[in-house]
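Have a look at the structure below before the remarks.
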Amino acid sequence: MMIASAMTLSCGNAKSGHQGGEQTVPMQVVVPSFNADSAYSYVKRQVDFGPRVPGSDGHKACAAWLEQKLAGFGAKIYKQNVQLQRYDGALLDAVNIIASFDPDNVKRVMLCAHWDTRPWADNDDDPANHHTPILGANDGGSGVGVLLEVARQIAAAKPAVGIDIMLFDAEDSGTPRFDNDDYDDRSWCLGAQYWAHNPHRQGYTARYGLLLDMVGAADAVFYREGFSQDYAPSVIDKVWDKAAQLGYSHLFVNDFAGYISDDHVPVNEIARIPCIDIIHNDPTTTGFGTFWHTVDDDMDIIDKQMLGIVGTVVLNVIYNEK
């Protein structure tokens, strides 16, 4: 399915001849059309590797595939191979994958997602599943799938700003519910914490960042997240306003839904780059969805239309940057 994005007007001007003299005409910005079928195929390809738990065979194979796809789109690839300590002391063989488009452009925007999956289905109704790694079609796979399609569009027609796609690892290895005595917020988002302390380029900065997390379910709805609102209010305004212009205000809800510890927190607090979280979180129903951190987070959850809507909003935001 193809979701056609709107052609919008930029602040740029062009001059045309006129009997009464020169006339200023707004220049038009052509935003590529986001291909939801393509994004869906990228989600499925990740799921076909199985759970992408750091150190697993599926994790290693998926990392190689992600690097190959992004390099094939013309990006300069940076990899951060690092051992990160899990909440219980175990060392995780993690890799952050960064794809830079137009790397010499000083005007930059970062787009982020985590690509690892949860080692435990600790929210599953069946306790027998609690130590089972999840497939993470939505929680991990959906954000990456959208960003891969964004990368494919950038390869065909680059925007006016440089784009860095950050695929963070070890986001989802935080303290499980069955070991909650040792719970610590810092046990999550390990790859993003590492990158924030050790950016892929010395002195790296960006105008802002957009983090996509769990963006592929049919019933997804995106409220204004608390840390996003506190650290990057102008960025969340920019994205939510664009979504409303495109007719998606019923999905990008102009209301507050609490604070969520996610990869954008170290980006804001450590790297000092204003970054927002576009995340499925409906406080009026089931929060992150009944499938969250369960064995049910598979391709049955993924809705092409929702991938298309989120991707269309992202493309319209970045292509209207000057």
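No lab work stands behind these numbers, since they all come straight from the coordinates. The structure displayed is predicted, hence computed values, not measured ones. Note that we place each Cβ from the backbone using ideal geometry, even for glycine, and neighbour counts take in every protein chain shown.
Would you please put 228-238, 249-259 in order of how densely packed they are, using the mean number of other Cβ atoms within 10 angstrom per residue and starting with the highest? Display every interim value, and only then the final one.
Working: 228-238: 17.7, 249-259: 14.3.
Result, highest mean Cβ count within 10 Å first: 228-238, 249-259.
Which FRET efficiency value, to the nearest 0.05, is calculated for D181 and D230 with the Förster distance at 22 angstrom and r the Cβ-Cβ distance? Before the final figure, lay out the partial values.
Working: r = 29 Å, r/R0 = 1.34.
After rounding to 0.05, the efficiency reads 0.15.
Apply 1/(1 + (r/R0)^6) to the Cβ-Cβ distance of Q305 and W65, taking R0 = 35 Å, and write down the FRET efficiency to the nearest 0.05. Write down the numbers at each step before the final one.
Values: r = 25 Å, r/R0 = 0.72.
About 0.90, to the nearest 0.05.
Report, in deg cm²/dmol and to the nearest 500, the calculated mean residue ellipticity at 222 nm for the chain, where each DSSP H run with n ≥ 4 adds -39500 (n - 2.57) and the sum is divided by the residue count.
Numbers: 8 runs with 92 residues, N = 322.
Rounded to the nearest 500, it is -9000 deg cm²/dmol.
Need one word for segment 217-322: rounded, prolate or oblate. Basis is the Cα gyration tensor (sqrt eigenvalues a ≥ b ≥ c); a/c below 1.5 gives rounded, then a/b vs b/c decides. Display every interim value, and only then the final one.
On the way: a/c = 1.70, a/b = 1.22, b/c = 1.39.
The shape class here is oblate.
Could you sort the peptides 191-203, 298-310 by per-residue average Cβ neighbour count (10 Å cutoff), highest mean leading?
298-310, 191-203
Can you give me the C-alpha center-to-center distance between segment 81-110 and segment 187-242, rounded to a whole angstrom?
14 Å
Please tell me the relative contact order of the chain in percent, rounded to the nearest whole number, where contacts are Cα pairs under 8 Å and at least six residues apart. Mind showing how you got there, number by number?
Numbers: 726 pairs, mean separation 73.9, N = 322.
Once divided by the residue count of the chain, the mean separation gives 23 percent.
So what's the angle, to the nearest 10 degrees on a 0 to 90 scale, between helix 233-245 and the longest Cα principal axis of the chain?
Tilt relative to the chain: about 70 degrees.
What share of the DSSP beta bridges in the chain is antiparallel, in percent to the nearest 5?
60 percent
So, in the chain, how many Lys pairs have Cα atoms under 16 Å apart, if the pair is 8 or more places apart or on different chains?
Close lysine pairs found across the chain: 11.
Residue-wise, which Karplus ³J(HN,Hα) couplings in Hz belong to segment 82-93, taking 6.51 cos²θ - 1.76 cosθ + 1.60, θ = phi - 60°, and x for glycine or proline?
Along segment 82-93, the couplings run 8, 8, 10, 8, 6, 3, 9, x, 5, 9, 9, 7 Hz.
Can you tell me the dipole magnitude for the chain around its Cα centre, using point charges on the Cβ only (Lys, Arg +1; Asp, Glu -1), in Debye to the nearest 20? Spell out each step's value before the answer.
On the way: 24 positive and 43 negative charges, 395 e Å.
The calculated dipole for the chain is roughly 1900 debye.
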